[in-house]
């Protein structure tokens, strides 16, 4: 299988009619992070005091993905034009005879995509950025989906071990880096969309170029702060809550262990849709065990 995606979007007028038609990181119809089909699954198990985060890859391996420079979704089909930019790419795909050929073409595509983004960095005022898409789902220990939750991203350092919110206000550990957290939410997390039918699913669209620029500044600070994730949630079951106040902030700049082997992978990776399942530990209220007197 081979996947091609454009890099240009539609005109601004069309963007007013169809939301997303001018979205950076897409070809006007499909985000490159969605088109690549190169998904992994991250499981965050918060049922224990110390979270256990693991990663699972697809058993079929990576899928060759190629950006077609300068074209939008409607222009990417050659339409009997031998000089069309996609024609050479298609011929290269058709020439693949075995697994070794496929791996070679995939490596070439990855290098060409990286070269494209490197050239975009020189564009002014702003070239096309690299993006990643996270599709997050939250569940309880019985795998019942949790609809009412807030997944928060903060810039913190090692002093922020557990949730530091008091009476609705952030504690000193969060206020110390508030300007960076604001930048994280304004420029790195560019779009959040809950599923309209199953709100336990939410999509986070992440600008990785902005993330890298922010982390480069954080590395210059003496406390070496980092981007971390925290969650608050309300149980769908009456008289049951979650122990989210005791959860540690989860660092997102650390390698994640792959389930079943000793390999590791990064949390952030361009042009991918990452599936994230988060399991929470419930806390039973006393009322749940009360029985009416006969």
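By count of other Cβ within 10 Å, fewest leading, how are 175, 257 ordered? Walk me through the numbers before you get to the answer.
Details: 175 12, 257 15.
Starting with the residue having the fewest Cβ neighbours, the order is 175, 257.
Using the Kirkwood radius over C-alpha pairs as Rh, can you work out the diffusion coefficient of the stretch 82-167 via Stokes-Einstein at 4 °C, viscosity 1.567 mPa s, in µm² per second? The partial results should precede the final answer.
Details: Rh = 18.7 Å.
Once the numbers are plugged in, D ends up at 69 µm²/s.
Give the angle, between 0 and 90 degrees and rounded to the nearest 10, that separates the Cα long axis of helix 99-120 from the longest principal axis of the Cα atoms of the chain.
80 degrees
Would you calculate the separation in nanometres between label points at residue 220 and residue 283, each defined as 7 Å from the Cα along the Cα-to-beta-carbon direction?
4.1 nm
For residue 234 and residue 183 in one chain, what is 0.36 nm times their gap in residues minus the Cα-Cα distance, to one decimal in nm?
Numbers: separation 51, 0.36 × 51 = 18.36 nm, distance 2.73 nm.
Full-extension gain reported as 15.6 nm.
With a ≥ b ≥ c the root eigenvalues of the C-alpha gyration tensor of the stretch 1-133, is it rounded (a/c under 1.5), prolate (a/b larger than b/c) or oblate? It would help to have the intermediate numbers written out before the result.
Values: a/c = 2.08, a/b = 1.24, b/c = 1.68.
It is oblate, given that a/c is not under 1.5 and a/b is not larger than b/c.
Nearest 0.05, what FRET efficiency do residue 264 and residue 74 give at R0 = 35 Å with Cβ-Cβ as r?
Once rounded, the FRET efficiency stands at 0.30.
Give me the distance in nm between label points sitting 7 Å out from Cα along the Cα-to-Cβ direction at residue 141 and residue 24, one decimal.
According to this spin-label approximation, the distance is 4.4 nm.
Given contacts defined as C-alpha pairs under 8 Å and at least six residues apart, what's the relative contact order of the stretch 105-229, whole-number percent? Each step should come with its number before you reach the end.
Numbers: 153 pairs, mean separation 38.6, N = 125.
Value for the stretch 105-229: 31 percent.
How large is Rg over Rh for the chain, taking Rg from the Cα atoms and Rh as the Kirkwood inverse mean of 1/r across Cα pairs? Before the final figure, lay out each step's value.
Details: Rg = 22.0 Å, Rh = 21.5 Å.
Expressed as Rg/Rh, it is 1.03.
Could you grab the relative contact order for the chain? Cα pairs under 8 Å, six or more apart, rounded to a whole percent. Spell out each step's value before the answer.
Values: 562 pairs, mean separation 72.6, N = 294.
25 percent.
Given the Cα-Cα distance of residue 212 and residue 243 and 0.36 nm per residue of separation, how much length would full extension add, in nm?
Numbers: separation 31, 0.36 × 31 = 11.16 nm, distance 3.19 nm.
Using 0.36 nm per residue and subtracting the Cα-Cα distance, I get 8.0 nm.
Among 68-74, 270-276, 230-236, what's the highest-first ranking by average C-beta atoms within 10 angstrom per residue? If you can, show how the numbers build up before the last one.
Details: 68-74: 16.4, 270-276: 20.1, 230-236: 18.1.
Averaged packing, sorted descending, gives the order 270-276, 230-236, 68-74.
Label the stretch 173-287 by shape, choosing from rounded, prolate and oblate, from the square roots a ≥ b ≥ c of the eigenvalues of the Cα gyration tensor; if a/c is under 1.5 it is rounded, and otherwise prolate applies when a/b is larger than b/c, oblate when it is not.
prolate
At 222 nm, what helix-only mean residue ellipticity would the chain give, in deg cm²/dmol to the nearest 500, using -39500 (n - 2.57) for each DSSP H run of four or more? Don't jump to the answer; show the numbers that get you there.
On the way: 7 runs with 63 residues, N = 294.
So the calculated ellipticity at 222 nm is -6000 deg cm²/dmol.
Relative to the first principal axis of the alpha-carbon coordinates of the chain, what is the inclination of helix 208-218, with its axis defined by its Cα atoms, in degrees from 0 to 90 and to the nearest 10?
Approximately 60 degrees, to the nearest ten.
Once you put a point 7 Å from the Cα of residue 253 and another 7 Å from the Cα of residue 56, both along the Cβ direction, what distance in nm separates them?
Taking the two extended label points, one gets 3.0 nm.
So in the chain, what percent of DSSP beta bridges are antiparallel if you round to the nearest 5? Show your work: numbers first, answer last.
Details: 38 of 59 bridges.
In the chain, approximately 65 percent of DSSP beta bridges are antiparallel ones.
Read-outs: derived from the displayed coordinates by stated rules, not from any lab. All of these numbers come straight from a predicted model, not from anything done at the bench. All Cβ positions, glycine included, derive from the backbone under ideal geometry; neighbour counts span all protein chains shown.
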